[in-house]
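> Sharing a structure below in structure tokens format, with a few things to ask.
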Amino acid sequence: MKIIIGLGNPGLRYRGTRHNVGFLVLKDLAKKHRISIRRKGFAGIYGVGRAHRQEIMLFRPLTYMNLSGEAVKAVCSSKLSDKKDLLVVSDDFNLSLGRIRLRNKGSSGGHNGLQSIIEEIGPDFARLRLGVGTGKAVKDLAPYVLSPFPRAEKPVLNEMRERAVECIETWLVEGTKKAMDRYNR
């Protein structure tokens, strides 16, 4: 089974914010493949189904972003046999809005959710980073990433979400290298 984890913060207060773009992409993937994400467990909610002849689990931690590692460790300890079958989807302020970047492993890049996961399971897992940055310096990052996308950014956001789903599907079928070659621009 392959596990795809979308990062975000639980609760209505954070719905639609930049920090929750991982949740949004997971929702898009679930809708496309008719997977209901409603089961509770592992400090999160999840759904199991099939996409492109692969059995997959879609998982949303219900811990807050900075504690994502606790939930990810719980689900991986129970359901994951090999880290090559894990993909984490998160926002990335260091990428301009609309860009996506897939990596096989690496650092947190300053992302507290990824750092929490690295502390719990190590750095060797694939991560799909979704650009939410402005390309400009932001004095205080927290209010920015916890703010909703303005209407003018929605077309770029929606196109990025579509490409992210396509990238995940390529990862499922052809692996990380092929997905990186196709979607890292």
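The values are calculated or read from the model by the stated rules, or taken from the named source; none is laboratory data. On a predicted model such as this, the values are computed, not experimentally measured, just so you know. With ideal geometry, Cβ positions are generated from the backbone for all residues, glycine too; neighbour counts draw on all protein chains shown.
> Restricting to region 116-130, what's the tally of residues that are touching a residue at least 60 places away in the same chain (Cβ under 8 Å) and of a type in the set (K, R)?
0
> Also, quick follow-up: Modelled with pLDDT of 95 or more and part of a loop (DSSP other than H, G, I, E, B) - does that describe any residue in region 86-97?
yes
> Across region 132-171, what is the number of residues that are assigned to a loop (DSSP other than H, G, I, E, B), over 17 Å from G8 (Cα atoms) and of a type outside the set (S, T, Y)?
7
> Continuing with the same structure: Could you list, in sequence order, the residues of region 106-137 that are at pLDDT below 95 and of a type in the set (K, R)?
Matches in region 106-137: K136 only.
> Okay, next question. Is it the case that some residue within region 156-171 is basic (K, R) and free of Cβ contacts under 8 Å to residues at least 60 places away in the same chain?
no
> Select from region 31-81 the residues that are hydroxyl-bearing (S, T, Y), part of a helix (DSSP H, G or I) and either crowded, with 18+ Cβ neighbours inside 10 Å or touching an Asp or Glu at 6+ places or on another chain (Cβ under 6 Å) (or both) and list them in ascending order.
The one that is hydroxyl-bearing (S, T, Y), part of a helix (DSSP H, G or I) and either crowded, with 18+ Cβ neighbours inside 10 Å or touching an Asp or Glu at 6+ places or on another chain (Cβ under 6 Å) (or both): S68.
> Same structure, new question: Return a yes/no flag: does region 43-57 have any residue that is in contact with a strand residue (DSSP E or B) (Cβ under 7 Å, 6 or more places away or on another chain) and among the hydroxyl-bearing types (S, T, Y).
yes
> Can you find a residue in region 15-30 that is among the charged types (D, E, K, R) and assigned to a strand (DSSP E or B)? Walk me through it before giving the result.
The first filter runs over region 15-30 and keeps only residues among the charged types (D, E, K, R), leaving 15, 18, 27-28.
Filter again for assigned to a strand (DSSP E or B), leaving none.
The answer is no; no qualifying residue exists.
> Do we find that D91 is among the charged types (D, E, K, R) and buried (at least 17 other Cβ atoms within 10 Å of the Cβ) in this structure?
When the stated conditions are applied, D91 passes them.
> I would also like to ask the following. What residue, among those in region 122-148 that are surrounded by 18 or more Cβ atoms within 10 Å (Cβ to Cβ) and of a type outside the set (D, E, K, R), is nearest to L87 (Cα to Cα)?
For region 122-148, the residue satisfying everything is A126.
> To continue, here is another question. So which residues in region 145-185 are of a type in the set (S, T, Y), over 15 Å from R99 (Cα atoms) and in contact with a strand residue (DSSP E or B) (Cβ under 7 Å, 6 or more places away or on another chain)?
Result: S147, T176.
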